[in-house]
Amino acid sequence: MNILILGSGGREHSLAWAVKQNPKCDRLIVAPGNAGIAEIAECAALDIENGGAVATFADENAIDFVIVGPEAPLAAGVADRLRDAGIAVFGPSAAAARLEASKAFTKSICDAAGAPTAAYAHFKDIDAAKAYVHAQGTPIVIKADGLAAGKGVIIAETADQAMDALEHMFGGSFGAAGAEVVIEEFMTGEEASFFVLCDGETVLPLGTAQDHKRVGEGDTGPNTGGMGAYSPAPVMTPDVTQAALDEIVKPTMAEMARRGTPYQGVLFVGLMIEDGKPRLVEYNVRFGDPECQVLMMRLGAQVLDLMQAVVENRLEGAQVNWAEDHALTVVMAAKGYPGGYEKGAVIRGLDALPEDSSNMVFHAGTARQGGEYIAAGGRVLAVTARAGDLETAQRRVYDMVDRIDWPEGFCRRDIGWRALD
Ligand code: AMP
Ligand code: GLY
C-alpha cells in the first residue's frame, strides 16, 4: 500500500512510525512532515486544507490510503473530497467533524443522546451572555464555539474575568470561531482522554491517556497544546470506561448515525471523572498530540490494520492486541512557549539516542539546516518511552531528555506525577 499522512507534528511522526512498521506499507509520504519525519518517510509540500489539491496529489502518487492527522483539514471537508474521488481515507466527514468544530453542536448532540456533560447555555448576543454569567456566578467556563487552536476556552474565576472573556470573544479575537459562545458549568474531578475507533456503527476502544495541559510543574501556568502524556490512565478503570462507552460514546455515535452523518475515524473523548462517574468535557475528531505518541508506541504496526477496518466498515470483527505496558512522553518546547519564542536554535545529541520499539524521540517542530536539527516551532520534540511499568518509562524518558543538548529548550520534569504519586 502507498500511504499518505497529512500533518506535521509529533502526532504525525508517531503515526508514520507505527504505520511504517506494518508490512503492508510499501511507500509512505507525509505532507508536509518535518525533519524527524523525513528520516522515516518521504515528505511533500502540500496545502493539506485544500481537498482538491490533496486528491490530485493522492491520484498522481497512486496513494491507496490517506490518514488525516489534524482537525483543520477534516473540518474543511478534505476527507469528503477524497472519498468522493474514491480514495480510502481515515478521518470523519466535515459533517461528523462538527463534534470538534462546534461546541454548541456537540452540546446539542449530548442533549439528544442523554450523554452526561456540564450544564450549558449557548449565546449569539453578548448582553444575554453577560446576564447569564451574573445569574450563574463563578467559577464558570466560557468557550468560543468554533475551532480556536486550543485557545478558545476560558475558565473564569471571577465575574470580571468572565466579562473580559466575553468582550474578547464577541469582539472578534477568535474571528468567526468566537461569534457564538457556549457558557458551561465548571466541572471538578480528574480529566482523562479516552480514544475509540468508530466505523459509523461499531465502537472499539483503543486506549486511554492523560495529558498535562499547563506549561508549569504541578500543573500551573498557562494552558498549552500539551506538555506530556502517558498511557494508560489509571483513573480509567474498567467501570469508568464502560460507563463512558455506554452513557456517552455509544449514544453519541448512534445519534450521529440517526442524523445521517455517521462518524468514521478516531474519536478523542475528553472526560472529567468524579466519584467514579465520567462526564464529557469535549470531543476531538482526531488523535491528541502528544497523546498519540504514547498510544502509537503501545499499539505499533497494528494501528494500520485497525484504521483499515474502520474505513472498510468491519470494525465489528476487529480487536486491539494490548500488551501490559506503559508509555510516557515528555514534550520539549522552545523557551517562552506558549507565549513568544525564538526559532532556529540548534539541537544536538539526537543522533546518539536509542530509536527502537521502546524508545523514540518524535519530532513536533524541527527543520534541518546545514546538517543539523534546528527548532522550528513551539513544541519541538516529544521524547517517548515504553516499559513494563510507568516509573521505568518515565526514568528512561528523562534519561534521554538529559542527553539532548538544546539550551534554548525546556520541559516539565514531573510528567506522570498523578499516576506515580
Ligand atoms: P476543551 O478545549 O473544551 O478541552 O477545554 C480545554 C480544557 O479546559 C479542558 O481540558 C479542561 O481542562 C478545561 N475545561 C473545559 N470545559 C470545562 C468545564 N466545563 N469544567 C471544567 N474544566 C473545563
Ligand atoms: N493534547 C490535547 C489535544 O491534542 O487536543
Seminar exercise, completed: Karplus-derived 3J(HN,Hα) from phi for the range 227-242 (6.51 cos²θ - 1.76 cosθ + 1.60, θ = phi - 60°), whole Hz, x at Gly and Pro, runs 9, x, 7, 8, 9, x, 9, x, 5, 7, 5, x, 5, 5, 4, 5
Seminar exercise, completed: Going from the fewest other Cβ atoms within 10 Å to the most, one would list S231, S358 as S358, S231
Exercise. Which entries of K151/K250; K103/K130; K130/K277; K143/K213 show an alpha-carbon separation above 22 angstrom in the structure shown?
Worked result: K151/K250; K130/K277
Exercise. Using the Karplus equation 6.51 cos²θ - 1.76 cosθ + 1.60 (θ = phi - 60°), what ³J(HN,Hα) coupling, rounded to whole Hz, does each residue of the range 285-299 give in order, writing x for Gly and Pro?
Worked result: 9, 7, 6, x, 10, x, 4, 4, 4, 6, 5, 5, 5, 7, 8
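Can you tally the net charge around E12? Count Lys and Arg as +1, Asp and Glu as -1, for every other residue whose Cβ sits under 15 Å from the Cβ of E12. All intermediate terms of the calculation are to be shown ahead of the outcome.
Working: positive: R11, K20, R286, R379; negative: E39, E42, E49, E71, D289, E291.
Its environment carries a net charge of -2.
Using a 10 Å cut-off around each Cβ, can you sort R314, R286, R11, R214 from fewest to most neighbouring Cβ atoms?
Details: R314 12, R286 23, R11 26, R214 16.
Going from least to most buried by this count: R314, R214, R286, R11.
Could you please rank H363, H122, H134, placing first whichever residue has the fewest other Cβ atoms within 10 Å of its Cβ?
On the way: H363 29, H122 19, H134 12.
The most exposed by this proxy come first: H134, H122, H363.
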For this session: Assign unit charges at the C-beta atoms only (+1 for Lys and Arg, -1 for Asp and Glu), then state the dipole size of the chain relative to its Cα centre in Debye, rounded to the nearest 20.
Result: 340
Problem set entry | Evaluated over the range 248-296, the Cα radius of gyration and Dmax, each in Å | 12.6, 35
Exercise. Around G288, with a cut-off of 12 angstrom between Cβ atoms, what is the net charge of the other residues, counting Lys and Arg +1 and Asp and Glu -1?
Worked result: -4
Problem set entry | Coarse-grained scattering of the range 263-421 at q = 0.08, 0.12, 0.18 Å⁻¹, given as base-10 log I(q)/I(0) from a Debye sum over alpha-carbon atoms | -0.29, -0.64, -1.21
For this session: Subtract the Cα-Cα distance of R258 and E157 from 0.36 nm times their separation in residues, and report this length gain in nm to one decimal.
Result: 32.5 nm
Problem set entry | Length-normalised contact order of the range 1-142 in % [C-alpha pairs under 8 Å, at least 6 apart] | 18
Exercise. Which order, highest average first, do 255-261, 324-330, 396-402 follow once you tally other Cβ atoms within 10 Å for each residue and take the mean per peptide?
Worked result: 324-330, 396-402, 255-261
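Just the number: Rg to Rh for the range 84-138, Cα atoms, Kirkwood Rh, two decimals.
On the way: Rg = 16.3 Å, Rh = 13.9 Å.
Radius of gyration relative to Kirkwood radius: 1.17.
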For this session: Would you work out the relative contact order for the chain, in percent, from Cα pairs under 8 angstrom that are 6 or more residues apart?
Result: 17
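Over all distinct Cα pairs, what is the inverse of the mean 1/r for the range 1-132, reported as the Kirkwood hydrodynamic radius in Å? Working shown, then result.
Values: mean 1/r = 0.0610 Å⁻¹.
Evaluated on the range 1-132, it is 16.4 Å.
If the convex hull of the alpha-carbon atoms of the chain is projected onto planes in all directions, what is the mean projected area in square nanometres?
Details: hull surface 77.4 nm².
Convex hull of Cα atoms, orientation-averaged projection: 19.4 nm².
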Problem set entry | For q = 0.25, 0.27 Å⁻¹, Debye-computed log10 I/I(0) when each Cα of the range 335-399 counts as one equal scatterer | -1.06, -1.13
Seminar exercise, completed: Here the net charge surrounding V30, from other residues whose Cβ is less than 13 Å away from its Cβ (Lys, Arg +1; Asp, Glu -1), is 0
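No lab work stands behind these numbers, since they all come straight from the coordinates. Nothing here was measured: the structure is a model prediction, and the numbers come from that model. Positions of Cβ are generated from backbone atoms using ideal geometry, with glycine treated the same way; all protein chains shown enter the neighbour counts.
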